[in-house]
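Novice: Pasting in a structure now, in C-alpha cells, and then I'll have a few things to ask.
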Amino acid sequence: MKHIVIIGGGIAGMQCAVELSSLGISATVIEKEHATGGKLASWHRLFPSFTPAEDVLGELRLKFAKAANISLRCGVTATEITPRKVTLSTGDELECDAVVLATGFTLFDARIKEEYGYGIYDNVVTSADLEDMFNRGEIVLKNGNKPRRIALLHCVGSRDEKVCQRHCSKVCCVTGVKQAIELKEMFPTADVFNFYMDIRMFGPGYEEMYREAQVKHNVHFVRGRISEVSPTIDGRLQLKAEDTLTGRPLKMSVDMLVLLVGMRANEENAELAARYGLQCQESGFMKPQDNFMHNVESNVEGIFYAGTITSPKSVGETLNEATTVALRIKDWLQKQ
Ligand SMILES: Cc1cc2nc3c(=O)[nH]c(=O)nc-3n(C[C@H](O)[C@H](O)[C@H](O)COP(=O)(O)OP(=O)(O)OC[C@H]3O[C@@H](n4cnc5c(N)ncnc54)[C@H](O)[C@@H]3O)c2cc1C
Ligand code: SF4
C-alpha cells in the first residue's frame with residue numbers, strides 16, 4: 001500500500017488523510033501540538049452560516065478516527081523532509097511515497113502595531129481573542145461591565161507595507177462582519193462600528209451577511225483607518241481616525257476595540273524553501289507550481305501543499321483543497 005506523510009494536523013491535513021484513506025492510500029499525520037484541528041479548534045461560530053466550529057471539527061475528527069490506515073503522531077515535528085522519507089524530532093524515520101505540507105498559517109501578532117495598544121491598554125482584543133471570549137460566553141470589560149460601544153478594526157497586519165504584510169488576508173472582513181453581528185445579538189443596544197479600508201465579501205452568502213449586518217442589526221460601517229488609540233480617564237479607549245468617505249478627522253470613545261488580525265505566512269516557510277529547494281511567494285506563503293492546473297503541487301516532485309500554507313483560505317476552501325490534493329496524489333502515484 002502506498003504511504004503518504006502529512007505534516008500538519010489542522011483541518012487541511014486531517015481532511016487530506018481521510019480522503020487518501022478512501023482512495024486506498026495510507027497516511028501518517030504529524031502534528032506539533034498535542035491535538036488535531038489547528039486554528040479551527042479555537043473558533044466559535046463560522047461565517048457565513050454561523051455553524052458552530054466544534055460541529056465541523058467534530059464531524060471531521062469522527063471521520064478521521066474511523067478512517068482506515070491513518071496514524072497520528074502528535075507533539076512531534078519533522079526535522080528532515082524528502083519526498084521518500086521524513087525524519088521526526090523523536091529520531092524516527094518514516095518511509096513514504098510522497099509528502100504533503102499542511103502546516104497552515106500564523107496569526108499576525110497585534111503587539112507589532114503598537115499604536116493600537118494591544119497588550120498595553122485594557123479592552124483591546126484581537127478577533128482570535130474574541131472567538132475565545134464567545135466560546136467562554138464571557139464578553140465583559142476589565143471592570144466587569146458590559147460593553148456599550150465597540151469598534152472593530154479591519155486589516156490589522158494585512159495590506160500594510162509598514163509591517164511587510166502586503167497581502168489581503170481574505171477572511172478578516174467577513175470575520176469582522178460575523179463578529180459584529182454576534183456582538184449585536186449579545187448586546188442589542190450597543191453601538192458597533194466596523195472601521196474598514198475596503199469591504200471584501202468575496203464568497204457565497206458573504207455580501208448578504210454584510211447587508212444583514214447593516215439593515216437588520218444596525219452595525220455601523222466607517223470607511224477609514226484608526227491611526228491611534230489612547231486610554232481615557234474614565235477607562236475607555238479614545239480612537240483617532242479619518243472618515244475617508246467624508247474626508248473628516250474623527251474622534252470617538254469606545255469601551256472595547258477588536259483588532260481583526262491577518263493571516264500571515266509561517267516563519268518556517270523560508271527555512272523550508274532554503275533547505276529543500278521549495279519556493280515561497282513574496283507574502284511568505286509557499287508557492288505552488290502554478291495557480292491553475294498544478295495549484296497543490298510544489299516545485300519539488302513528490303511534495304504537495306494543502307490548505308493555508310499557500311494562501312489565506314476559508315474553512316470550506318481549505319477542505320476542498322485538501323480533497324483535491326488526495327486525488328492529485330493518487331493520479332501522480334499511478335503515473336510513477
Ligand atoms: C480570526 C479568524 C477567524 C476565522 N473564522 C473563520 C470562519 O468563521 N469561517 C471560515 O470558513 N474560515 C474561518 N477562518 C479561516 C480558518 O481558520 C482556516 O481556513 C483554517 O484554519 C485553515 O486550516 P489549515 O489546516 O490550513 O491551517 P491551520 O489551522 O493553521 O492548521 C495547521 C496545523 O499544522 C500544525 N503545524 C504547523 N507547523 C507544524 C510543523 N512544523 N510540524 C507539525 N505540525 C505543524 C499546526 O499546529 C496546526 O495544527 C478564520 C481565520 C481567522 C484568522
Ligand atoms: S479581508 Fe478585509 S480586513 Fe482582511 S486584509 Fe482583506 S480587506 Fe483587510
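The values are calculated or read from the model by the stated rules, or taken from the named source; none is laboratory data. The structure presented is a predicted model; accordingly, all values stated were derived computationally and were not measured. We place every Cβ from the backbone using ideal geometry, glycine too, and count neighbours over all the protein chains shown.
Novice: Taking the range 172-191 as the region of interest, how many residues are within 16 Å of ligand 1 (Cβ to nearest atom) and charged (D, E, K, R)?
Specialist: So the count comes out to 3.
Novice: As an exercise: evaluate Arg225 against (1) under 30 Å from Val125 (Cα atoms); (2) among the basic types (Lys, Arg); (3) at pLDDT 95 or above and give the number of the one condition it does not meet.
Specialist: Failing condition for Arg225: (3).
Novice: Within the range 192-208, is there a residue that is within 13 Å of ligand 2 (Cβ to nearest atom), part of a loop (DSSP other than H, G, I, E, B), of a type in the set (Gly, Ala, Ser) and under 20 Å from the mean Cα position of the chain (by Cα)?
Specialist: Within the range 192-208, one or more residues are within 13 Å of ligand 2 (Cβ to nearest atom), part of a loop (DSSP other than H, G, I, E, B), of a type in the set (Gly, Ala, Ser) and under 20 Å from the mean Cα position of the chain (by Cα).
Novice: Turning to a different aspect of this structure: For the range 263-298, what are the residues that are more than 19 Å from Cys96 (Cβ to Cβ) and touching a Lys or Arg at 6+ places or on another chain (Cβ under 8 Å)?
Specialist: Scanning the range 263-298 gives Met263, Gln279, Cys280, Gln281, Glu282, Ser283, Gly284.
Novice: Failed condition for Gln214, given (1) closer than 24 Å to Asp255 by Cβ; (2) away from ligand 1 (no atom under 16 Å from the Cβ); (3) within 24 Å of the chain's Cα centre (by Cα); (4) in a helix (DSSP H, G or I), with all others met?
Specialist: Result: Gln214 passes all but (3).
Novice: Sticking with this structure for a sec: Scan the range 166-179 and tell me whether some residue there is among the hydroxyl-bearing types (Ser, Thr, Tyr) and surrounded by 15 or more Cβ atoms within 10 Å (Cβ to Cβ).
Specialist: Taking every residue of the range 166-179 in turn, at least one turns out to be among the hydroxyl-bearing types (Ser, Thr, Tyr) and surrounded by 15 or more Cβ atoms within 10 Å (Cβ to Cβ).
Novice: State yes or no: is Arg211 modelled with pLDDT of 95 or more, of a type outside the set (A, V, I, L, M, F, W, C) and over 26 Å from Asp109 (Cα atoms)?
Specialist: yes
Novice: Under 9 Å between Cβ atoms, which residue pairs at least 6 apart in sequence (or on different chains) link something in the range 102-114 that is among the acidic types (Asp, Glu) with a partner that is buried (at least 18 other Cβ atoms within 10 Å of the Cβ)?
Specialist: Every condition considered, the pairs that remain are Asp109/Tyr118; Asp109/Gly157; Asp109/Val261; Asp109/Arg264.
Novice: Taking Thr106, is it assigned to a strand (DSSP E or B), within 16 Å of ligand 2 (Cβ to nearest atom), closer than 17 Å to Glu267 by Cα and of a type in the set (Ser, Thr, Tyr)?
Specialist: Considered against the rule, which asks whether it is assigned to a strand (DSSP E or B), within 16 Å of ligand 2 (Cβ to nearest atom), closer than 17 Å to Glu267 by Cα and of a type in the set (Ser, Thr, Tyr), Thr106 comes out as yes.
Novice: Related question: Being more than 8 Å from ligand 1 (Cβ to nearest atom) and either among the hydroxyl-bearing types (Ser, Thr, Tyr) or assigned to a loop (DSSP other than H, G, I, E, B) (or both) is the filter here; which residues of the range 45-69 pass it?
Specialist: Correct list: Ser49, Phe50, Thr51, Ala67, Ala68, Asn69.
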